[in-house]
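Colleague: For reference, the structure I am asking about is given below.
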């Protein structure tokens, strides 16, 4: 539940941030005629993402067991790649994200192109929705409780919608750099767990058969159905008897990514001289 909650919150907030800023610009500008197609575009993007999720789930359910494991492996690897890219991109752009969005919206409004803003909102929701679909399908595949995982995702998305509405009304201000740094740490743990789960399902699909000797017996701790098992297996991807290849893959991904996320960022040289100059 915790993993899907953070995924739903993080991805939902990225889309809600763009929609909230665009909607807020249109509302303050008095261009309410463009708000209706913007919300229609957002609703259409959500419906498309739901349809994609339903199709992927239906295709997976109709496959034989070994092919299901293979599909889960592919979805898990795609999810890890997308999470990693998102973490790296946000690391570089989190501090300037809001300013860049507002500048793009101002430019579109200056050119009289409200439809560009409508398209921006539609594509933002569509992109984040596709990413969320892949992430959640992978998380559900490794979760010990699909109901709890679904509840966590729904709660995260609802909170993101509420924050987006607050941004739209101008009542909520978020330190994006700090928010994305904190959630990035947790997402690194989630991605490492998804990667281990992908390696595990790849073995079930007979794709990976090397280094399968167990390195530890955690069955006394990781007991199916317990809260600890939900945390260790559902979030961190730790199996009751982790194999050598699962352990190596987990360490090789987790350690470098945590160092990358937590390493202090350097402020641009111009920002250090801007304050005295402004004074």
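Colleague: Report, by residue number, each residue of the range 24-49 that is over 14 Å from residue 118 (Cα atoms) and surrounded by 12 or more Cβ atoms within 10 Å (Cβ to Cβ).
Modeller: Within the range 24-49, the first condition is being over 14 Å from residue 118 (Cα atoms), and the residues that meet it are 28-30, 46-49.
Across the range 24-49, the qualifying residues are 29, 46, 48, 49.
Colleague: Do we have any residue at all in the range 10-19 that's within 17 Å of the chain's Cα centre (by Cα), outside any helix (DSSP H, G or I) and modelled with pLDDT under 80?
Modeller: no
Colleague: Filter the range 228-248 down to the residues that are at pLDDT 75 or above and in a helix (DSSP H, G or I), then identify the one that is surrounded by the most Cβ atoms within 10 Å (Cβ to Cβ).
Modeller: Going residue by residue through the range 228-248, those that are at pLDDT 75 or above are 238-248.
Subsequent filtering for residues that are in a helix (DSSP H, G or I) retains 244-248.
Working: 244: 13, 245: 20, 246: 25, 247: 18, 248: 13.
Of everything passing the filter in the range 228-248, 246 is surrounded by the most Cβ atoms within 10 Å (Cβ to Cβ).
Colleague: Step by step: first the residues of the range 135-159, then only those that are surrounded by fewer than 22 Cβ atoms within 10 Å (Cβ to Cβ) and closer than 15 Å to residue 191 by Cα, then the one that is modelled with the highest pLDDT. Which residue is that? Spell out how you get there, then give the answer.
Modeller: Keep residues of the range 135-159 that are surrounded by fewer than 22 Cβ atoms within 10 Å (Cβ to Cβ), which gives 137, 140, 144-148, 150-151, 154-155, 158-159.
Narrowing the set further to residues that are closer than 15 Å to residue 191 by Cα leaves 137, 140.
Working: 137: 74, 140: 69.
Filtering the range 135-159 for residues that are surrounded by fewer than 22 Cβ atoms within 10 Å (Cβ to Cβ) and closer than 15 Å to residue 191 by Cα, the one modelled with the highest pLDDT comes out as 137.
Colleague: Next up: Please tell me if residue 180 is buried (at least 22 other Cβ atoms within 10 Å of the Cβ), at negative phi, part of a helix (DSSP H, G or I) and modelled with pLDDT under 80. Working first, answer last.
Modeller: Numbers: buried (at least 22 other Cβ atoms within 10 Å of the Cβ): yes; at negative phi: yes; part of a helix (DSSP H, G or I): yes; modelled with pLDDT under 80: yes.
Yes; evaluated as a whole, the condition is true for this residue.
Colleague: Let me ask something else about it. Restricted to the range 83-97, and to residues that are surrounded by fewer than 18 Cβ atoms within 10 Å (Cβ to Cβ) and in a helix (DSSP H, G or I), which residue is modelled with the highest pLDDT? Quick ask: steps written out before the conclusion?
Modeller: So in the range 83-97, the residues surrounded by fewer than 18 Cβ atoms within 10 Å (Cβ to Cβ) come out as 84-85, 88-89, 91-93, 96.
Those left that are additionally in a helix (DSSP H, G or I): 84-85, 88-89, 91-93.
Numbers: 84: 89, 85: 85, 88: 85, 89: 80, 91: 78, 92: 76, 93: 71.
Ranking the candidates gives 84 first.
Colleague: Of all residues in the range 50-73, count the ones that are exposed (fewer than 15 other Cβ atoms within 10 Å of the Cβ) and over 17 Å from residue 132 (Cβ atoms).
Modeller: Keep residues of the range 50-73 that are exposed (fewer than 15 other Cβ atoms within 10 Å of the Cβ), which gives 50-51, 54-55, 57-59, 61-67.
Remaining after also requiring over 17 Å from residue 132 (Cβ atoms): 58-59, 61-67.
Total satisfying the criteria: 9.
Colleague: Right, residue 251: closer than 17 Å to residue 194 by Cα, within 24 Å of the chain's Cα centre (by Cα) and modelled with pLDDT under 70 or not? Working first, answer last.
Modeller: On the way: closer than 17 Å to residue 194 by Cα: yes; within 24 Å of the chain's Cα centre (by Cα): yes; modelled with pLDDT under 70: no.
No; evaluated as a whole, the condition is false for this residue.
Colleague: Here is a list of conditions, (1) at pLDDT 85 or above; (2) assigned to a loop (DSSP other than H, G, I, E, B), and residue 199 meets all of them except one; can you say which number that is?
Modeller: Unmet for residue 199, out of (1) at pLDDT 85 or above; (2) assigned to a loop (DSSP other than H, G, I, E, B): (2).
The values are calculated or read from the model by the stated rules, or taken from the named source; none is laboratory data. Nothing here was measured: the structure is a model prediction, and the numbers come from that model. Cβ coordinates were reconstructed from backbone atoms using ideal geometry, including for glycine residues, and neighbour counts include every protein chain displayed.
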